[in-house]
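Visitor: Please see the structure below; I have some questions.
The values are calculated or read from the model by the stated rules, or taken from the named source; none is laboratory data. Quick caveat: nothing in here was measured; it's all calculated off a predicted structure. Using ideal geometry, Cβ is built from the backbone for each residue, glycine included, and neighbour counts are taken over all protein chains shown. These area figures cover heavy atoms from the full protein model, side chains too; ligands, DNA and RNA do not enter into them. Shrake-Rupley method; radii C 1.70, N 1.55, O 1.52, S 1.80 Å.
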Amino acid sequence: RKGSETFETDITLPEDHQNKKWAGKEIHFKIKIHEVKRKVLPPLEDDFAKELGSTSLDELRARLRAEIENRLTSERTAQEKEQLIKQLIAQHTFQVPPSMVEREFQDVLYRLRNQDRSAGSATQEAASDLKAIQEQYRPVAEDRAKGRILLQSIAEQEGLSVGPQEMDQEIALMAKGMRTTPQEMKNWILSQQGSLEGLKTKMLERKALEFIHSKAIFVEN
């Protein structure tokens with residue numbers, strides 16, 4: 001359509017539209033086009049590469065190839081670590097402290113609520129709904145608790161530890177992701193947890209997982 005052109009149209013909104021007031025109703029729109037633009041792709045040459053921070057097109061291609069390979073490696077490593085945790089849990093049968101399972105379950109529930117908020121909906125917590133959530137995610141919480149206990153045991157057995165400098169680096173990384181200062185990030189953790197022990201424990205568990213991953217041999221099917 002041309003610029004400054006005006007037209008009208010009717011659109012029926014879906015029944016599951018997040019605004020219940022308009023869900024399933026037909027809306028009449030009057031639309032005026034003020035400007036029409038066409039996307040023009042720049043030619044693939046050295047000048048284009050320089051605009052993206054590379055000295056040449058060949059360097060840009062090499063950089064993009066390396067980034068893709070690193071991303072694929074990270075995804076494969078994450079999958080391998082997930083397999084290791086599942087195998088550890090399957091090979092060890094023991095009772096997990098109910099309080100630890102409850103903490104993991106509350107963490108799962110917290111993540112679900114955040115996902116629902118991001119999607120524009122809300123988690124329903126009526127008795128029947130909460131029961132269904134517990135039946136579905138309580139086993140997940142139990143496995144998470146078992147995995148943490150096993151990783152802590154491995155860390156102790158192998159003499160792994162997390163030093164003050166590693167803690168500072170982790171807090172600085174978290175602060176960067178939250179766009180705040182390391183000190184503000186540290187203060188927030190202390191206000192929420194009372195100490196840095198929880199963060200230190202999670203870092204130790206991660207280190208234990210990295211340790212067993214470095215010793216594991218994976219066979220491609």
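Visitor: What range in the chain is the longest one free of GluC sites (Glu not before Pro) that are in a loop by DSSP and have at most 14 other Cβ atoms within 10 angstrom?
Guide: 126-219
Visitor: Further question: How much of the calculated P(r) for the chain lies past 20 Å, in percent of all Cα pairs?
Guide: Values: 18984 of 24310 pairs.
That fraction is 78 percent.
Visitor: Still on this structure: Could you quote the convex hull projected area for region 1-117, Cα atoms only and averaged over all directions, in nm²?
Guide: Across all orientations, region 1-117 yields a mean hull projection of 15.7 nm².
Visitor: Mind checking the per residue accessible area of the chain for me, 1.4 Å probe, whole number of Å²?
Guide: 77 Å²
Visitor: Please give every one of the lysines within straight-line cross-link reach of residue 81, meaning a C-alpha to C-alpha distance under 25 Å, and leave out same-chain neighbours fewer than 8 residues apart.
Guide: 146, 200, 202, 207, 215
Visitor: Residue 215 label point, 7 Å along Cα→Cβ, cut-off 18 Å on backbone N: hits in region 137-170?
Guide: 147-162
Visitor: Now a separate question. Using the Karplus equation 6.51 cos²θ - 1.76 cosθ + 1.60 (θ = phi - 60°), what ³J(HN,Hα) coupling, rounded to whole Hz, does each residue of region 183-195 give in order, writing x for Gly and Pro?
Guide: 5, 5, 5, 4, 4, 5, 4, 5, 5, 8, 10, x, 7
Visitor: Let me have the 222 nm mean residue ellipticity of the chain computed from DSSP H runs of 4+ only, each contributing -39500 (n - 2.57), with the sum over all residues rounded to the nearest 500.
Guide: Estimated from H runs of four or more residues: -22000 deg cm²/dmol.
Visitor: For an R0 of 35 angstrom, estimate the FRET efficiency from the Cβ-Cβ distance between residue 107 and residue 22 and round to the nearest 0.05.
Guide: Using R0 = 35 Å, I get an efficiency of 0.45.
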